[in-house]
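Accompanying notes for the structure given below.
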Amino acid sequence: MPHGSASFPSFPSHAPEGYVCPFCGLVEGDVSDPGNRCELTDLVHQDEDVIVFMACDGFGPHEGHAMISPARHHETLYDLPDAVLQKIALMARHVAVAMKAAWAPEGVSTRQHNEPAGNQHVWHYHLHIFPRWPDDMLYRQLRHPVDPEVRAVKARELRAALQDVLAARSGERD
């Protein structure tokens, strides 16, 4: 259904006046806005529909969780076209498999937030993908900034593994 139709209601934006979306900046290759904490080296994968990148913040001792966003601006889950949501879900599986290959975590968790009461802080849909280890206490950790150099290394590692996963998936369809 088209966004804003009678069957699919329109939802108000929570972005403040003059908001400059950091994820749209990353998609466009311009992270120069002073409020944008993303770096171009965070980029793991980009195509016409989705972008995969390393998160600016970490939780606990294991750096390196990734995020998946639509390439076009959609603020929340409620606003996503079905086809884009499907592509995000498929990419989430590919990123999880790539994390297993790149870092050998013993599990993977995903989470996604909508609106201020849902703990959303960036007004562009994004799905978090976390590599997990026993006793990592992910949900008991406070968020902390991750050095851009650490994110760049993690992005390179995950990009290489994700390219292998995507190539293997492509070969299965042939």
### Message
So, Ser109, is that one among the hydroxyl-bearing types (Ser, Thr, Tyr), farther than 15 Å from Val122 by Cβ and in contact with a Leu (Cβ under 7 Å, 6 or more places away or on another chain) or not?
### Response
yes
### Message
Quick test of your reading of the structure: Ala104 fulfils all but one of (1) crowded, with 19+ Cβ neighbours inside 10 Å; (2) of a type outside the set (Asp, Glu); (3) free of Cβ contacts under 8 Å to residues at least 60 places away in the same chain. Name the failing condition by number.
### Response
(1)
#### Entry: From the options Ser109, Ser69, residue that is surrounded by fewer than 19 Cβ atoms within 10 Å (Cβ to Cβ), in a strand (DSSP E or B) and modelled with pLDDT of 95 or more
Ser109
#### Entry: Exclusive hit being of a type outside the set (A, V, I, L, M), at pLDDT below 95 and within 24 Å of Glu39 (Cα to Cα), set Gly64, Gly171
Gly64
### Message
Considering only region 106-119, I want to know if a residue exists there that is of a type in the set (A, V, I, L, M) and out of contact with any strand residue (DSSP E or B) (no Cβ under 7 Å at 6 or more places or on another chain).
### Response
yes
### Residues of region 39-57 that turn out to be farther than 16 Å from His94 by Cβ, in contact with a Lys or Arg (Cβ under 8 Å, 6 or more places away or on another chain) and not in a loop (DSSP other than H, G, I, E, B), as a count
3
### Query
Of everything in region 112-141 that's among the acidic types (Asp, Glu) and in contact with a His (Cβ under 7 Å, 6 or more places away or on another chain), which residue is surrounded by the most Cβ atoms within 10 Å (Cβ to Cβ)?
Asp136
### Message
Being in contact (Cβ under 8 Å) with a residue 60 or more places away in the chain, assigned to a loop (DSSP other than H, G, I, E, B) and not aliphatic (A, V, I, L, M): is that true of His128 here?
### Response
no
### Task
Go through region 53-79 residue by residue and tally those that are under 16 Å from Gly25 (Cβ atoms) and within 12 Å of the chain's Cα centre (by Cα).
8
### Query
Limited to region 26-38, what total is found for residues that are assigned to a helix (DSSP H, G or I) and under 14 Å from Met67 (Cβ atoms)?
2
### Summary
If we ask which residues in region 36-57 are surrounded by 22 or more Cβ atoms within 10 Å (Cβ to Cβ) and more than 15 Å from His124 (Cβ to Cβ), their number turns out to be 2
### Query
Out of Ala55, Ala92, Ala117, Ala83, which single residue is under 21 Å from Val153 (Cβ atoms) and modelled with pLDDT of 95 or more?
Ala55
### Message
Criterion first (hydrophobic (A, V, I, L, M, F, W, C) and either over 15 Å from the mean Cα position of the chain (by Cα) or on the phi > 0 side of the Ramachandran plot (or both)) does Leu142 satisfy it?
### Response
yes
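The values are calculated or read from the model by the stated rules, or taken from the named source; none is laboratory data. Computed from a prediction, not measured in an experiment: that's the story for all the values here. Cβ coordinates were reconstructed from backbone atoms using ideal geometry, including for glycine residues, and neighbour counts include every protein chain displayed.
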